[in-house]
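The values are calculated or read from the model by the stated rules, or taken from the named source; none is laboratory data. Here the structure is a predicted model, which means the values were calculated and not measured. As a convention, Cβ positions derive from the backbone with ideal geometry for all residues, glycine included, and neighbour counts pool all protein chains shown. Just the protein is used for accessible areas: all its heavy atoms, side chains included, with ligands, DNA and RNA removed. Shrake-Rupley method; radii C 1.70, N 1.55, O 1.52, S 1.80 Å.
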Amino acid sequence: MLTVHHLENSRSQRILWMLEELGMPYKVTRYERNKETMLAPPELRAVHPLGKSPVIVDDDGAGQPCTVAETGAIIEYLVEKAGGTLGPPDERQAALHYRHFLHYAEGSLMPPLLIKLVLGMIPLVGKIAQKRLQPMIDVHLDFVESELSARPWFAGDTFTAADIMMSFPLEAARDRGGLDGSRPATTAWLETIHARPAYQAALARGGPYKYA
């Protein structure tokens, strides 16, 4: 049985959604953030030395349990476990799009959004720095808008794990990064994924999620 160590309002919501899309059975161990620091609780270090979420533990009862950390690595592990379901499409260009967005989500899009969040916690100077950072975020949001204006999903005509990976940074961008109705293809994509039954089922399993 798979166990997802799930931190509230975090990247781990994508793993619950991925598992619901795949129809895999799983358990959820839920953690709340420290109300002052908003960091993960120390209990997560007992699961993985970094004390971060998401982490999954795959224990089939027949051997040593497999612990996997990092959202992208978990997504790839689950695609492999599911025999390629939600993985890269067969068509080469679509497969390249898939690979790009699977890594772009955390490698390029998420860092400036995280920096903006941290800057918002710094009085006065942080607010000024946030304004200077926004043009960098806008470059990413314009790029995403152009991609989703050209095709319905990030990899092409088919929903894949790349869409699941892209959900959290775009939800964060709508919350604090300037994503609004001025980018209609992206906002429509968010509405579409939020309406998916598996997405809604993941919300029910994971508890309150501020970005939905």
TODO: Starting from the Cα of Ala188, step 7 Å along the direction of its Cβ; do the same at Met1; then give the gap between the two resulting points in nm.
DONE: 4.3
Task: Nitroxide proxy distance, nm - points 7 Å out along Cα→Cβ at Asp175 and Asp60 - done: 3.6
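If you take every residue apart from Lys27 with its C-beta less than 12 Å away from the C-beta of Lys27, what net charge results, scoring Lys and Arg +1 and Asp and Glu -1?
Within the 12 Å Cβ shell, the charges total 0.
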- [ ] Would you pull out the residues with amide H under 5 Å of Leu179's amide H, same chain only if 5 or more places away, H placed 1.01 Å from N?
- [x] Arg174
Open item on the list: Quick check: net charge around Thr187, other residues with Cβ under 12 Å of its Cβ, Lys/Arg +1 and Asp/Glu -1?
Closed with: -2
Open item on the list: Taking the full set of protein chains and a 1.4 angstrom probe, give the accessible area of Glu70 in square angstrom, rounded to the nearest 10.
Closed with: 120
Open item on the list: Within the chain, what whole-number % of the accessible surface is contributed by carbon and sulfur, with the 1.4 Å probe and all protein chains included in the calculation?
Closed with: 56
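What full-extension length gain, to one decimal in nm, is calculated for Ala95 and Met24 as 0.36 nm per residue of separation minus the Cα-Cα distance?
Numbers: separation 71, 0.36 × 71 = 25.56 nm, distance 2.38 nm.
Length difference between fully extended and current span is 23.2 nm.
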Task: Solvent accessible area, Å² - Leu86, 1.4 Å probe, full protein context - done: 30
Open item on the list: Normalised radius of gyration for the chain, please: alpha carbon Rg relative to 2.2 N^0.38 Å, two decimal places.
Closed with: 1.03
Open item on the list: Highest mean first, how do 164-176, 90-102, 24-36 rank when packing is the count of other Cβ atoms within 10 Å averaged over residues?
Closed with: 164-176, 90-102, 24-36
- [ ] Taking H placed 1.01 Å from N in the peptide plane, check which residues at least 5 places from Lys27 or on another chain put their amide H under 5 Å from its amide H.
- [x] Leu2, Thr3, Val4
